[in-house]
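Trainee: Here's a structure for you.
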Amino acid sequence: MNKREFLKLMSLILLGSGATGCRNESYGGDDRDIKGNQRVLVIGAGLAGLAAARELTLSGHQVIVLEARDRIGGRIWTSHQWPDLPLDLGASWIHGTTSNPLTDLADLLRTKRVSTSYERSVVYNTNGEEIWGAKEAKLESVRQQISAAIRKAQNSDPDTSLRQALASLESSYADDSEALRFLNFCVSGSIEQEYAGSANRLSSHWYDNAKEFDGDDVLFEQGFEVLTEYLAQGTDVRLSQVVQEIAWQESEVRVRTAHDEFLADRVVITLPLGVLQRGDVRFVPELPEKKRNAISNLSMGVLNKCYLRFEQAFWPEGIDWLEYVSANHGQWTEWVSFQRTVNKPVLLGFNAADRGSEIEAWSDEQLVASAMETLNAIFGPDIPQPIDWQITRWASDPFARGSYSYNAIGSTPIIRDELASSLSGRLFFAGEATNRTYFGTAHGAYLSGLRVSIDVLST
Ligand SMILES: Cc1cc2nc3c(=O)[nH]c(=O)nc-3n(C[C@H](O)[C@H](O)[C@H](O)COP(=O)(O)OP(=O)(O)OC[C@H]3O[C@@H](n4cnc5c(N)ncnc54)[C@H](O)[C@@H]3O)c2cc1C
């Protein structure tokens, strides 16, 4: 049995017996555990940080998690603003349930999930007409031409942005404004919403380099937080501790927060890529060039959510996805209905990439009015106004600075390994952006936390 298998087994045994691992109230400068266990600080109580902290705590290390917010979860954030409907403002889905480690966790917790499917979707044209028959065939043909153009760019050097890869296709549609709108619809709906990066910046060679798990996409009825709440049990998490400085080349690492100072043998850093890029946390000495290059060459994307609640559904009730070919690129392309899945008259509209960033400056009222313009275009002027809404602004969030990372032109997969690599056996890096195989996802974050715990245990 290797170390990973052993740890997993230990987690399962402790889970089964209801044990919660050991807890340290606090540690100062020189109270190193006499058994040789390490003082480990984990920065960030998102999925990556909590997964790492749990494993290391269960292995007997003295672990403290420092979290800037007044809640755990990070980009897992279940809102209870509507008491009858927990809503995820960050990640919603386990993408691909087969062999996904989050499925194992959710199964252990016996938490209820519901699947959504693109098989249950309707596409509406700019004038609100449902797309079918000849229009559907035209849309499909545009989709195939996009795939062919991207494949060609992926087999050519040098790398280009996706927009450049599609430039000649776009020109060929110069006299067909509908084909052009279909192109923008496909780019927005199938690429920018998924990768959160703008087609102007996504690398043709690497944007879709992540692997995927097979199986359904499932939502948590009680919200994604069931997983983070579970992982945090028995872990010493200190909330409202905004880390400002990490001094890392002495015999021990000194971490300064707005209120306190902590000393540790090892520090696990799960700060979001956007936070690292902004330089909000100072490293003393500064990080080596390779690490700094990795941080600056990857990119942080934007995906924002706008939940609208109505008295009752006025849209087809049996569908999961409503898609809209907007006149302007990226405006309210994708919607999810919660009517079929959880029997609630709620629509979730997305804005991603450039459009996702742009709308963050708008007021809630402006945003809802813009969303309603689209719904009016589809369902007519007589539909009711929403009775409430919940809206995210992830790029403006000081502890996220974006939604998740993507591969921009100029980046290559190896850069993520450089972001993930440890320094001097003291600083360890985790978080979705460090996961070369599953970046941008909740399972990628979780797996990075497990990976880093093995790295710390091996030092
Ligand atoms: C809108 C949206 C939708 C998404 N949808 C999905 C989805 O459906 N499925 C999916 O698989 N993934 C999805 N994701 C991606 C997924 O949520 C993330 O990849 C994952 O949650 C990231 O976890 P993490 O631990 O790497 O980072 P985080 O969860 O961001 O954790 C980092 C932690 O560090 C803390 N922190 C930041 N700065 C400081 C500081 N100075 N001091 C101390 N702490 C600090 C943060 O507050 C945070 O808690 C979505 C993300 C967003 C935003």
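Trainee: Using θ = phi - 60° and the Karplus form 6.51 cos²θ - 1.76 cosθ + 1.60, what ³J(HN,Hα) does each residue of the stretch 186-192 get, whole Hz, x for Gly and Pro?
Mentor: 5, 5, 5, x, 9, 10, 5
Trainee: From the backbone phi of the stretch 51-68, what are the Karplus-calculated ³J(HN,Hα) couplings (6.51 cos²θ - 1.76 cosθ + 1.60, θ = phi - 60°) in whole Hz, Gly and Pro given as x?
Mentor: 5, 5, 4, 5, 4, 6, 5, 5, 7, x, 6, 8, 10, 10, 9, 9, 10, 5
Trainee: Counting other Cβ atoms within 10 Å, which GluC sites (Glu not before Pro) in the stretch 311-399 have at most 15 and lie in a DSSP loop?
Mentor: Here the GluC sites (Glu not before Pro) that fit, given the DSSP loop and packing criteria, are GLU311, GLU317.
Trainee: Largest first and in whole Å, give the semi-axes of the stretch 100-161's equivalent ellipsoid, each being the square root of 5 times a Cα gyration tensor eigenvalue.
Mentor: Calculated on Cα positions only, the semi-axes equal 34, 25, 9 Å.
Trainee: Let me ask another. Could you work out the equivalent-ellipsoid semi-axes for the stretch 325-371, taking the square root of 5 times each eigenvalue of the Cα gyration tensor, largest first, in whole Å?
Mentor: 22, 13, 9
Trainee: Per-residue HN-Hα couplings for the stretch 383-390, Karplus 6.51 cos²θ - 1.76 cosθ + 1.60 at θ = phi - 60°, whole Hz, x for Gly and Pro?
Mentor: 5, x, 6, x, 8, 6, 7, 9
Trainee: Non-local amide H neighbours of ASP217 (under 5 Å, H modeled in plane, Pro and chain starts lacking H): which ones?
Mentor: GLY96, THR116
Trainee: The stretch 271-292 to the stretch 302-341: how many Å between their Cα centroids?
Mentor: 37
Trainee: Quick one: in the stretch 338-426, what % of C-alpha pairs are over 20 Å apart?
Mentor: Everything past 20 Å amounts to 57 percent.
Trainee: With charges only on Cβ, +1 for K and R and -1 for D and E, what is the dipole size of the stretch 367-443 about its Cα centre, in debye, rounded to 20?
Mentor: Roughly 420 debye, rounded to the nearest 20.
Trainee: For the stretch 297-360, restrict the atom set to alpha-carbon positions and state the Rg and Dmax in Å.
Mentor: Just the Cα atoms of the stretch 297-360 yield Rg and Dmax of 13.4, 46 Å.
Trainee: So what's the stretch 62-124 giving for Cα Rg divided by 2.2 N^0.38 Å, two decimals?
Mentor: 1.45
Trainee: Could you tell me what % of all Cα pairs in the chain have separations over 30 Å?
Mentor: The share of Cα pairs beyond 30 Å in the chain comes to 47 percent.
Trainee: Run the helix sum for the chain: -39,500 (n - 2.57) per DSSP H stretch of 4+ residues, divided by residue count, reported at 222 nm to the nearest 500 deg cm²/dmol.
Mentor: For the chain, the value works out to -9500 deg cm²/dmol.
Trainee: Mind computing the radius of gyration and Dmax over the alpha-carbon atoms of the stretch 210-266? Å is fine for both.
Mentor: Here Rg and the maximum Cα pair distance are 17.9, 48 Å.
Trainee: With all distinct Cα pairs included, what does the Kirkwood hydrodynamic radius of the stretch 410-459 come out to in Å, to one decimal, could you say?
Mentor: So the Kirkwood estimate lands at 10.9 Å.
Trainee: With the dipole of the stretch 388-453 worked out from charges on the C-beta (+1 for Lys and Arg, -1 for Asp and Glu) around the Cα centre, which of ASN435, GLY402, GLY425 lies farthest toward the positive end?
Mentor: After comparing all options, I get GLY425.
Trainee: In the structure shown, do any of LYS112/LYS211; LYS112/LYS291; LYS112/LYS305; LYS138/LYS344; LYS211/LYS290; LYS152/LYS291 have a Cα-Cα gap over 29 Å, and if so which?
Mentor: Flagged as over cut-off: LYS112/LYS291; LYS138/LYS344; LYS152/LYS291.
Trainee: Taking H as built 1.01 Å from N, whose amide H comes closer than 5 Å to the amide H of GLY301, not counting residues under 5 places away?
Mentor: Sorted by chain and number, the residues that satisfy this are SER403, TYR404, SER405, TYR406.
Trainee: For the stretch 120-271, build the charge dipole from Cβ charges (+1 Lys, Arg; -1 Asp, Glu) around the Cα centre, then report which of GLY128, ALA153, GLY223 sits farthest towards its positive end.
Mentor: The Cα lying farthest towards the positive end belongs to ALA153.
Trainee: Here is a further query. Rg and Dmax of the stretch 202-317 over Cα atoms: what are they, in angstrom?
Mentor: Gyration radius and largest Cα-Cα distance of the stretch 202-317: 20.2, 64 Å.
Trainee: Using a Cα-Cα cut-off of under 16 Å, which aspartates and glutamates could be cross-linked to LYS135, ignoring same-chain neighbours fewer than 8 residues away?
Mentor: ASP176, GLU178, GLU323
Trainee: Please work out whether the stretch 153-197 counts as rounded, prolate or oblate from its C-alpha gyration tensor, where a ≥ b ≥ c are the square roots of the eigenvalues and a/c under 1.5 means rounded, while otherwise a/b larger than b/c means prolate and anything else oblate?
Mentor: Cα axes put the stretch 153-197 in the oblate bin.
Trainee: A further question follows. Roughly how far apart, in whole Å, are the Cα centres of the stretch 245-259 and the stretch 123-163?
Mentor: Using only Cα atoms, the two centres lie 50 Å from each other.
A short reminder: the numbers here are calculations on the coordinates, not readings from a lab. Because the structure is a prediction, the values reported are computed rather than measured. Reconstructed Cβ throughout: ideal geometry from the backbone, glycine too, with neighbour counts over all protein chains shown.
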